[in-house]
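Working notes, beginning with the structure itself.
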Amino acid sequence: VNGAARVFIAAGALVLAAGVALGAVSSHAAGRAPHPDAARLLQIAVLYQLVHGIALVLTGVLARFASTRWLVLSGVAFALGLVCFCWSLYWLAFTGVSAGPFAPIGGSAFIAGWLLLAVHAVTAERAS
């Protein structure tokens, strides 16, 4: 198994575990959070974290069969999106302070990740 596969699968599993934990914490803490829309922000952050954690695991599984630069870039984009988008929403919900442009940067990274995954799918050599 190549290094990218291991990294993406392990990172995705950790992101998913953290997403479940943050979902549990968020359901209890949202009422005491300083932002008036904290519950909605936390729900969105957890949803995107879980979806893109699965995307990281998928990227790692695909890398076991046919790794391309497009696939690796896809995994990196998903990871960047997780850090920028999800954590900016957690930050806003729990502090009431905006993280500036990090949410749209993260959202753009998520979109790039899916597009790069599509490029990988149409350009990768078929595994024998």
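The values are calculated or read from the model by the stated rules, or taken from the named source; none is laboratory data. Bear in mind that the values here come from a model prediction, so they are computed numbers and not experimental data. Here the Cβ positions follow ideal geometry from the backbone for every residue, glycine too, while neighbour counts run over all protein chains shown. When the accessible area is computed, the model is the full protein with side chains, heavy atoms only, and any ligands, DNA or RNA have been set aside. Shrake-Rupley method; radii C 1.70, N 1.55, O 1.52, S 1.80 Å.
What's the angle, to the nearest 10 degrees (0 to 90), between helix 102-123's Cα axis and the longest principal axis of the chain?
Between helix and principal axis, roughly 20 degrees.
Given a 1.4 angstrom probe, what's the average accessible area per residue across the stretch 20-128, in square angstrom?
56
Tell me, what % of the accessible area of the chain is carbon and sulfur with a 1.4 angstrom probe?
Values: 5080 of 7030 Å².
Whole-percent figure for carbon plus sulfur exposure: 72.
With labels modelled as points extended 7 Å from the Cα through the Cβ direction, what inter-label distance (nm, one decimal) is found for ALA18 paired with ASP37?
With each label placed 7 Å out from Cα toward Cβ, I get 2.4 nm.
Nearest 10 degrees, 0 to 90: what angle lies between the long axis of helix 3-29 and the longest principal axis of the chain (Cα atoms)?
Once rounded, one gets 20 degrees.
Helix 69-81: angle to the longest alpha-carbon principal axis of the chain, degrees 0 to 90, nearest 10?
For helix 69-81, the angle is close to 10 degrees.
Calculate, in nm to one decimal, what ILE105 and ILE54 gain on full extension: separation in residues at 0.36 nm each, minus their alpha carbon distance.
16.4 nm is the gain from fully extending ILE105 to ILE54.
Could you point to the label whose value was computed as percent of Cα pairs over 27 Å apart for the structure here, given (i) 29; (ii) 24; (iii) 43?
(ii)
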